[in-house]
Amino acid sequence: MKLMNKIIDDLYEKVFTPLLNILCLIMLISTFVAVISRYVFHYAIIWSPEVTRFLYIYIIFIGTFLGIKQNTHIGLDIVVDHMPNKVKKVVEITRNLIMMVFFIFLAYLGFNFSIIGMSQMTLTLDISKGWIYLVIPIGAIFMFISTFQKTLKSLSKAKSVRKEDKRKVGVSI
């Protein structure tokens, strides 16, 4: 398990974070060049909207994985913060299990979607749409793994808290 955590952490730090930054930069440059070309030189770059759209898809899925990994995704913390600690753990684990089921479903449908897309070509770039859509199952798998790691960590913390509670009950003054 520690090896899997290390691999995911290394991918997160050394691959996905720089990749997200590079994709955002390419999208920014592509859009900027297209706008300047259209309004200054009165020439439209026909491939720019397609590149921007596909980069945006990749940015969404990579960014979502990174958000889950960093625990920065949107949540209703105001409700959960007012719950007792034991209830918070139950809510957290239940939420993670629901998310994992969703990610399995998303990976399955995304894989089928990318297979269907392999026979379709993009209009201006002339590449298979399946390669673009392949980020859906890949992103869902990494989101699942990250959520699974968090769930295991929450379960191990819950077990350690129960052991400490049992030790405290046995102590008398």
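None of the figures in this text is laboratory data; all of them are computed from the coordinates on show. Please read these numbers as outputs of a predicted model, since none were measured by experiment. We place every Cβ from the backbone using ideal geometry, glycine too, and count neighbours over all the protein chains shown.
Tabulated data for the structure shown
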| read-out | value |
| --- | --- |
| Failed item in (1) farther than 29 Å from Trp131 by Cα; (2) of a type in the set (Gly, Ala, Ser); (3) assigned to a helix (DSSP H, G or I), with Gly75 passing the rest | (3) |
| The lone exception for Thr72 - which of (1) within 13 Å of the chain's Cα centre (by Cα); (2) buried (at least 17 other Cβ atoms within 10 Å of the Cβ) it fails | (2) |
| Condition met for Gly63 (small (Gly, Ala, Ser), part of a helix (DSSP H, G or I) and under 18 Å from the mean Cα position of the chain (by Cα)) | yes |
| Residue check for Tyr43: among the hydroxyl-bearing types (Ser, Thr, Tyr) and either closer than 22 Å to Leu123 by Cβ or touching a residue at least 24 places away in the same chain (Cβ under 8 Å) (or both) | yes |
| Residue within the range 113-132 that is surrounded by 13 or more Cβ atoms within 10 Å (Cβ to Cβ), of a type in the set (Gly, Ala, Ser) and either closer than 20 Å to Leu66 by Cβ or touching a residue at least 60 places away in the same chain (Cβ under 8 Å) (or both) present | no |
| Residue identified as touching a residue at least 24 places away in the same chain (Cβ under 8 Å), more than 15 Å from Met143 (Cα to Cα) and surrounded by 12 or more Cβ atoms within 10 Å (Cβ to Cβ) among Val33, Val51 | Val51 |
| Subset of the range 1-20 (residues that are surrounded by 12 or more Cβ atoms within 10 Å (Cβ to Cβ) and not hydrophobic (A, V, I, L, M, F, W, C)) | Asn5, Asp9, Tyr12, Thr17 |
| Thr124 β-branched (Val, Ile, Thr) and not in a helix (DSSP H, G or I) | yes |
| So Lys150, is it under 22 Å from Lys2 (Cα atoms), under 23 Å from the mean Cα position of the chain (by Cα) and of a type in the set (Lys, Arg) | yes |
